[in-house]
Each structure stands twice: as C-alpha cells, then as structure tokens.
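Peer 1: Before anything else, here's the structure in question.
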Amino acid sequence: MLVPAGIALAPAGANALLIDAGRAQFVLASRSKLNAPKVDVNVQLAIPTVPATLNDGGWHHVAFTYTAAERQVRHYLDGKLQPLPEKGGFLPLIAQLTSMRVAGDGFTGLMDEVRISGAVRYAADFAPPGSFSRHRPLPEPVITTPLLARAADGPIAVGDRKHLFVDGILLEKQEGVTFRVNPPVEREATDFRNRFPWEPSPRFGSTIPDVCSIWDEGDKLSMLYTNGGMWGGKPHAVCYAESSDGLQWTKPELGLHAWDGSTRNNIVLRIACQGTVIKDPRPGVADPERYKFVAWCMNRGFYVFTSGDAKRWQRNETIALPFDPDGSTEVFWDEQTGVYRGFFRALGAGHPENRDYRAVVRTTTADLLKPWSFQPSPAPVWHVFASPKPSGGEFPIIACGGEVYRMKAIKYPWAPDVYLAFPWRYKLDKNIRPGSFIMVSRDGEQWTRYETPYYLESGWALNGRTVLEALMEQGMVRRGDRIWQFGTVRFTEHAGALYGGVEHEGGGHDRLLRLTQRLDGFVSLDAGPEGGSAVTKPLTFKGSRLTLNLAAKGSVRVALLDDAGKVIPGYGSSEATGDSVSQEVRWTSDLAALEGKPVRLRFELKDAKLFA
C-alpha cells in the first residue's frame, strides 16, 4: 500500500487501522457494543512507525502482516521492518463481510495501490515492489491532423481534409443562408424484441433494453444491451446480439454465464448496469483489450471492462471514477487530441436549487485503464445511492438549453474536426422524453445546439400507435454513401406506470429502429430559391480537386478569391448541380497551381443544400 505523508487521522470505527495525528504510530482498533450480553469492546494495538518518514511529503510503501501461529503483527515501512507491537489474536468474523471501506471521512491523503493477500508476503526486510498493475503506459499518440478549432492565427491550413458544414467555423461572412438539421432520410422498425426472462420486463415500462452500443464488425453488426438491473426488477445482465443488416437480430447461445441455473443464453456480464462499448482504435492497444465497455456499476461507480472479442469480459483492476451518475456514459477515443472523452449525467449540476435537474458533464483521460482525474469537491453531492453524484463542480458542464437525459456523443468517424451528440430532451412537467436533438462541436468541449427540428421526433404513428418518446442510441455504421444509426421509440411515458405515467399495454410495443442518414448529412448550409452566399476565411489547401457533397434542385456555384476578395482569374464561379456526395467542381485553370497559397472560397447557393 502506497500512502503519502498527508494521511490524516481517520475516525474510529468498529474495526479500523488508524494513524495518529502525529504519525508516530498506527493503531489497530476494535470497538463495538454487544447487546446480549451487554459488552463494550474497546481494544487498541499500537504499531510503531517512523514519523519523520511519513511527514516528509513523499510517497511510501506501507505493509502489515499477521502470522497466526506467532500471534504477531509486523509492520514494514519502505521495506524495513519496524519495532514489533505487542502480540495478540483475532476472533473469527461473525456474519458476512459485505463491504470494506478504504479511507473515509477525514482522510486527506492519497492512495495509489492497495493489495490484500491471504498469505504472509513479507517475512523480513525487502525491496519495495513496483506497481502491481498489469497495464503499462501506452505509446504517446501521434497527432497527424490537428484540430482546426485550435489552429494558429493566419490562413487556416485545411490541407486535404474533408470539411462538414455543421457550423460556421470556416466562414468569414454569409448572407441568405442558414444551417439546417437534416433528420434521417429513412426509419425502419427492426425485429429486435425481448423474449427471455433475463431481458427487460414490460412491467417496468418498456420491453426495449438499455442499448449500450451498436458497432460495425465488417460482415456484421454487434450490440451490447442490458436488462436495466434494478430498474428492470431483476439481477443485472448484459447481453450480446448481432445482425447482418441492422434489421434482423439474433441472440447466440454463448454458454458464459448462468441464469436460473442454465448457461443457454446470450449473457456476457452479470455485474454491470449501463454504459458504452468502443472498439478502441488507439494505436498500441493490446488485442485482449481492444474492446472496452465503460459501465456504471450501481452503488459502485464507473468501471472499465476489457475484452478481445466483446463477449468474454474482464473488469479492470481499478475504478475509473467514484461517482454514481444514475445512468450510462458515452466514451470515445479522440485521435485529434490524443485523449479519451467521456460524457455523463450529473443531477443538479449548475442548478443547486434543483438537485434532480438532469445536466451533462464532460471529462477527458489519457488512459481509460487508469483512474480518471477530476476536480475534488469540498461538498460532494449525495443522492439515493452509495456514491456521490458528479454534480459538485468536479467536471465542466455542457450547456444543453434545458434538461437532458443522455448526451449520446461521438467523434464522427468519416471526417476530422466533427463531434456529434444526440441528447434526449427531458420534459419534467410531462415526465417525458419527446425527442432527440442534435449538437455539434469542433473540439468536443464547446458545443452548438440545434433544438429544432428534433433529429428523432415523437408524435408519429408506428403500427397504429403514437410514439411518445424518441431516443437516439449509441453507434454509427457506414454502408457505402449511407450511415445507419439506431433509435428507440416508446409508446409509454418515462418509466410508464412505475412513475405514475401513461403506459400502453405494459410497453410491450416499444421498438428499436434502424435509421438511415446520408453520408455527412446531419447538418447542411442551405439556401432557398431566392439564393444566398457564404465566403470562407483565408485558407490553404493541398491537392488538385475540390469535391462537394450537395443536394441542389437549383445550383451551387464556387469561386476562388484572393486576399483582396477579388476573383482569381481562371477560377471564377463554377456551377455544380444535382444530388451527389462527391460532385467535382471544375475550373478552366488547374487547381493544383494554387496549392499552399492563401485563398477564399465563395459559395453561391440557390435552392440547394451543401453538406461538405
């Protein structure tokens, strides 16, 4: 156990290992009151140590052993045996040990690693071991495409990257054009239904599970989903399903975990609640840790599980964050900044007058398998679970224009500089989540919100029933020039009858949808029949071709301008029309002649959408 000199006197407990205020000794204390017969026990065993060492402000290796045959406790400080305390014995434990607390109220120091063994590890002086962690630092990531949002002053070095028109970061001026949200072009109900006893129960408002993630394996799609644990009125189960087209789903018998005595099921974990799966693209990640499931474990906090096949999971050796967000988290690797980004719910964050206000906070970490950092709060926010909420200023808050239930954030895989989120809007007065809107970012930290129209809306009919809740799920899959996303539609209010709301036939008709979106089509720069224009900031490029992703009933005309805003000869307005994800713009002069030179692009749109 590595303990710094800043450790403080812990409060007396029923059974505790304490250190006194002067750090001159540890105290093994046992205090309890037994009612039958009435006995007060107050036993303390002083264990000498070296106060000068524990007060030097450094890290130290502290070890304690107990040899039953000798009735002797031994204490080692940095591998050196300290004077022996008095001999004594231990009584057998009565009842079952359900939890053990490390540190606690009044603890002001830090702990790095704690190891508890069933054997005496040290019988004499020893060289303190290094880390027992099986994880080693990953190679420093190489950033090949820095964020445009963090570019230095001067012409923007666009290079040969694709640019999505989800906002005006590249524009210097615009007139008669607007950024417009484009909901999916198609939505289809899948055949995914819960039919097994370990899956979610309609009694608690929905037969749709908490979908952790859906991801692409090339020849198939994979999904992890949970039964909601306590919210489903049954023990936790995380399950696996797969599909060739996202519409027809199968649930293979994996034989990994038992349910009611049988392993004929698709369960892959029994101890996690809700979370996100990523197939980690970070260079240097070991194959057995390629898949990562970042999960909220109820009454415990955030943990990371690793797997080489997304079916056989191992919990990481340490907790990621000691918070209870009352819901899942989204995590992804950001190759443009070399960090993992996480987003999760924080009840009451930024709204001390309403501790139930559903907000979203963000964090970053360089290594998912090490404890994630946060700003310690002098007043942690406690709610109904055993861990504090991440609501006391530990993390930056994302402004979402009201309450949101989930953030559903990702790093867009098919263009740099694009972060997308599809938050679930929550309406407290109606206890309903009527739709998912879209937010965009250029760095994963500062977000722009497009509230209307909802990206996935309620109010429409499916199989003769009106959709009351429309919720985007985690994951994108590309097939050619189309992107598949997934969403849940529900015909009940939030939690249905459990929360006293409307519930149609126990939620048995709720469905998982496959949504089809145009490549890069989430937001576009639009102009109506009256026309509009936009001019970029000065930029430099690399290459000899300019292609547009556009849908133009009218036209999009592109010209190249010099520093003075004048059209460069040979690069006047060139027209592009039609509907294409890769329409080339051609000029009378060779575009390669301007490579590396500062230029502006002028777009003139008429009854057209410009996506990228």
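The values are calculated or read from the model by the stated rules, or taken from the named source; none is laboratory data. All figures in this text were calculated on a predicted structure; none of them were measured in a lab. Heads up, the Cβs are rebuilt from the backbone with ideal geometry, glycines too, and the neighbour counts pull from every protein chain shown.
Peer 1: Report, by residue number, each residue of region 583-606 that is outside any strand (DSSP E or B) and hydrophobic (A, V, I, L, M, F, W, C).
Peer 2: Within region 583-606, Trp587, Leu591, Ala592, Ala593, Leu594 qualify.
Peer 1: Of everything in region 441-470 that's of a type in the set (Lys, Arg) and within 21 Å of the chain's Cα centre (by Cα), which residue is surrounded by the fewest Cβ atoms within 10 Å (Cβ to Cβ)?
Peer 2: Selected residue: Arg449.
Peer 1: Within region 520-582, considering only strands (runs of 3 or more DSSP E) that don't extend past its boundaries, which have at least 2 residues that are over 14 Å from Phe611 (Cβ atoms) and in contact (Cβ under 8 Å) with a residue 12 or more places away in the chain?
Peer 2: Those strands (runs of 3 or more DSSP E) span 532-536, 539-541, 546-561.
Peer 1: Here are the criteria: (1) surrounded by fewer than 16 Cβ atoms within 10 Å (Cβ to Cβ); (2) assigned to a strand (DSSP E or B). Tell me which single one Lys609 does not satisfy.
Peer 2: It fails just one condition, (1).
Peer 1: Any idea which of Asn265, Asn194 is assigned to a loop (DSSP other than H, G, I, E, B), crowded, with 17+ Cβ neighbours inside 10 Å and modelled with pLDDT of 95 or more?
Peer 2: Checking each option against the conditions leaves just Asn265.
Peer 1: Can you find a residue in region 513-529 that is surrounded by 18 or more Cβ atoms within 10 Å (Cβ to Cβ), closer than 21 Å to Gly176 by Cβ and touching a helix residue (DSSP H, G or I) at 6+ places or on another chain (Cβ under 9 Å)?
Peer 2: no
Peer 1: So is Val360 of a type in the set (A, V, I, L, M), over 18 Å from Val384 (Cα atoms), outside any loop (DSSP other than H, G, I, E, B) and touching a Leu at 6+ places or on another chain (Cβ under 7 Å) or not?
Peer 2: In short, no.
Per-residue answers, yes or no, for (1) without any contact (Cβ under 8 Å) to a residue 60 or more places away in the chain; (2) closer than 15 Å to His351 by Cβ:
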position: Pro380; (1), (2): yes, no
position: Val384; (1), (2): yes, no
position: Phe395; (1), (2): yes, yes
position: Cys400; (1), (2): yes, yes
position: Glu403; (1), (2): yes, yes
position: Arg406; (1), (2): no, no
position: Ile410; (1), (2): no, no
position: Asp417; (1), (2): no, no
position: Trp424; (1), (2): yes, no
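Peer 1: Could you tell me which residue of region 228-262 is surrounded by the fewest Cβ atoms within 10 Å (Cβ to Cβ), considering only residues that are out of contact with any helix residue (DSSP H, G or I) (no Cβ under 6 Å at 6 or more places or on another chain) and on the phi > 0 side of the Ramachandran plot?
Peer 2: Once the filter is applied, the top-ranked residue is Gly261.
Peer 1: State all residues of region 260-303 that are among the aliphatic types (A, V, I, L, M) and closer than 23 Å to Tyr412 by Cβ; if no residue qualifies, say none.
Peer 2: Residues satisfying the conditions are Val277, Ile278, Val285, Val294.
Peer 1: Another question, if that's okay. Could you tell me whether region 234-244 includes any residue that is at pLDDT below 90, under 26 Å from Asp280 (Cβ atoms), in the same structural domain as Val304 (by TED's automatic domain parsing) and part of a strand (DSSP E or B)?
Peer 2: Looking through region 234-244, none of the residues is at pLDDT below 90, under 26 Å from Asp280 (Cβ atoms), in the same structural domain as Val304 (by TED's automatic domain parsing) and part of a strand (DSSP E or B).
Peer 1: With the requirement that a residue be among the hydrophobic types (A, V, I, L, M, F, W, C) and surrounded by fewer than 16 Cβ atoms within 10 Å (Cβ to Cβ), what does region 65-93 give you?
Peer 2: Ala68, Ala69, Leu84, Phe90, Leu91, Leu93
Peer 1: State yes or no: is Gly543 surrounded by fewer than 20 Cβ atoms within 10 Å (Cβ to Cβ), under 21 Å from Ser574 (Cβ atoms) and either in contact with a helix residue (DSSP H, G or I) (Cβ under 8 Å, 6 or more places away or on another chain) or not aliphatic (A, V, I, L, M) (or both)?
Peer 2: The answer is yes for Gly543.
Peer 1: Answer with yes or no whether Tyr426 is among the aromatic types (Phe, Trp, Tyr) and more than 26 Å from Phe323 (Cβ to Cβ).
Peer 2: no
Peer 1: Hey, could you check region 321-341 for residues that are within 19 Å of Cys273 (Cα to Cα) and among the polar types (S, T, N, Q) and say which is surrounded by the most Cβ atoms within 10 Å (Cβ to Cβ)?
Peer 2: Out of the qualifying residues, it is Ser328.
Peer 1: Suppose we filter Leu93, Leu84, Leu34 for residues that are farther than 22 Å from Ser131 by Cα, in a loop (DSSP other than H, G, I, E, B) and modelled with pLDDT under 85; which single one remains?
Peer 2: Leu93 is the lone residue from the list that is farther than 22 Å from Ser131 by Cα, in a loop (DSSP other than H, G, I, E, B) and modelled with pLDDT under 85.
Peer 1: Looking at region 567-603, which of its residues are of a type in the set (Lys, Arg) and under 15 Å from Ser533 (Cα atoms)?
Peer 2: Passing the criteria: Arg600, Arg602.
Peer 1: Only one of these is at pLDDT 55 or above, touching an Asp or Glu at 6+ places or on another chain (Cβ under 7 Å) and surrounded by 14 or more Cβ atoms within 10 Å (Cβ to Cβ): Val62, Val27. Name it.
Peer 2: Val27
Peer 1: On the given criteria, is Gln44 more than 44 Å from the chain's Cα centre (by Cα) and at pLDDT 90 or above?
Peer 2: no
Peer 1: Regarding Pro141, is this residue at pLDDT below 95, outside the structural domain of Pro283 (by TED's automatic domain parsing) and surrounded by 17 or more Cβ atoms within 10 Å (Cβ to Cβ)?
Peer 2: The answer is yes for Pro141.
Peer 1: Is it the case that region 483-495 has a residue that's closer than 22 Å to Val331 by Cα, in the same structural domain as Leu347 (by TED's automatic domain parsing), part of a loop (DSSP other than H, G, I, E, B) and at pLDDT 95 or above?
Peer 2: Looking for residues that are closer than 22 Å to Val331 by Cα, in the same structural domain as Leu347 (by TED's automatic domain parsing), part of a loop (DSSP other than H, G, I, E, B) and at pLDDT 95 or above, one finds none in region 483-495, hence no.
Peer 1: Sticking with this structure for a sec: Within region 290-317, count every residue that is of a type outside the set (Ser, Thr, Tyr), buried (at least 18 other Cβ atoms within 10 Å of the Cβ) and farther than 21 Å from Thr363 by Cα.
Peer 2: 2
Peer 1: Hey, among Arg150, Arg203, which residue is surrounded by fewer than 19 Cβ atoms within 10 Å (Cβ to Cβ), at pLDDT below 95 and either closer than 29 Å to Pro413 by Cα or not assigned by TED's automatic domain parsing to the domain that holds Ala258 (or both)?
Peer 2: The match here is Arg150.
Peer 1: Let me ask another. Only residues that are closer than 30 Å to Tyr291 by Cβ and either crowded, with 21+ Cβ neighbours inside 10 Å or out of contact with any strand residue (DSSP E or B) (no Cβ under 7 Å at 6 or more places or on another chain) (or both): list them for region 376-390, please.
Peer 2: Listed by number, the residues that qualify are Phe385, Ala386, Ser387, Lys389, Pro390.
Peer 1: Next question. So which residues in region 384-406 are assigned to a strand (DSSP E or B) and either outside the structural domain of Ile438 (by TED's automatic domain parsing) or hydrophobic (A, V, I, L, M, F, W, C) (or both), if there are any at all?
Peer 2: Ile397, Ile398, Val404 - these are the residues of region 384-406 that are assigned to a strand (DSSP E or B) and either outside the structural domain of Ile438 (by TED's automatic domain parsing) or hydrophobic (A, V, I, L, M, F, W, C) (or both).
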